[in-house]
Amino acid sequence: MAEHETVGELLARRGITRRALLKYTAYLASVMALAPSASKVMAQALSETRRQSVIWLSFQECTGCTESLTRSFSPTLEDLIFDLISLDYHETLQAVSGAAAEEARLAAMEENKGKYVVVVDGSVSTKDGGVYSTNAGKTNLEVLKETAADALAVISVGTCAAFGGIPHANPNPTGAVAVSDIIKDKPIINIPGCPPIAEAIAGTVGYLVTFGSIPELDDKGRPKSFFGDSIHDRCYRRPFYDRGLFAKSFDDEGARKGWCLYEVGCKGPVTYNACATLKWNGGVSFPIQSGHGCLGCSEPNFWDKGSFYRALPADTGVNGGVVAGAAVAGAAVGAASAWMARRRKERAIEEAKS
């Protein structure tokens, strides 16, 4: 590829038409909750820009975030790597290893100074200087500071990078922290989830590449297009919640009828993510649809907030109080509806007799 070849020139060389590019950008626009007209703007911006240099760092993690990305259905991993970005360093996916791999990272930093994007998955060890997680003779802490120094922006992928995640959970023996606790002078986008939704990663990178700017974020640094609504607000079981119809266990009649899982511990009312709309594995399903309550994995400290199988307490804060109150109200509405139904049936019987 020519050194200054644009994405548009690359696509043309591969026989990909402008029509196909517009279909692709229309998908990205819809995923990011942008106006339909944004697809043309994205197509134009994409066709004129060079592939974005991306350096992907993996720290205290399970590789689940990378596994999630490789299961992105649209755009596919191949689209993302070969058409939109130049993935210049990724320990799991790159072919080279050892000294050659580290040289590739340093070369990408030098060549794209001030323009490359750093993607991080995994929390950062800080205890005893960060010696509990190292690579190539350097601690994760050192590598993060070194790599982020001249970056355009940092994307924290997964709850471990965004909020510390499971390594940060009590008793946190490695002093694990979030990327944002270390890097204070760069724009940081958090895409939490354990693991995060593949399309949320791909869509955010796509937005960054096409617009050259950061998407609108919430108070936790998450893109509002993916984390603007609670799972509860978009859940297909919500009508059962509003009617006060709750499963009492995972194998009772209510569970078999698909009733709300609030009382068996679902954290959907206080968890913000796109699970209920984008779903998983190409939109096939998501945990609640599979019969299990939300664990709240895209929220800070989710691992230490108590049992996953206990209903949210009334004193969880503003949201918790509202949710608990709504649950009681929902149960009352459900009971009232049942009573009214019984009365209508009784009246019908009485009228039939008379």
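Every number in this text was worked out from the coordinates using simple rules, so none of it is lab data. If you're wondering where the values come from, they're calculated on a predicted model, not measured in any experiment. Here the Cβ positions follow ideal geometry from the backbone for every residue, glycine too, while neighbour counts run over all protein chains shown.
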Order these by the 10 Å Cβ neighbour count, fewest first: ARG105, ARG234, ARG256.
ARG256, ARG234, ARG105
If N is the number of residues in the stretch 118-159, what value comes out of its Cα radius of gyration divided by 2.2 N^0.38 Å?
1.15
Where the centroid of each part is defined by its Cα atoms, how far is the stretch 175-191 from the stretch 31-55 in Å?
25
Cα extents of the stretch 168-239 along the three principal axes, largest first, in whole Å?
42, 35, 21
Return a single number: how many Lys pairs in the stretch 51-227, at a sequence separation of 8 or more or on separate chains, have alpha-carbon atoms below 26 angstrom apart.
24
Please report, in whole Å³, the volume per residue of the convex hull around the C-alpha atoms of the stretch 203-273.
103
With a cap of 14 neighbouring Cβ atoms within 10 Å, and only residues DSSP puts in a loop, list the trypsin sites (Lys or Arg not before Pro) found in the stretch 184-230.
LYS184
Using a 7 Å offset from the Cα along the Cα-to-Cβ direction at both ALA12 and GLU253, what is the distance between the two label points in nm, to one decimal?
6.8
Taking Rh as the Kirkwood radius computed over alpha-carbon pairs of the stretch 51-227 and applying Stokes-Einstein at 20 °C with viscosity 1.002 mPa s, one gets a diffusion coefficient in µm² s⁻¹ of 134
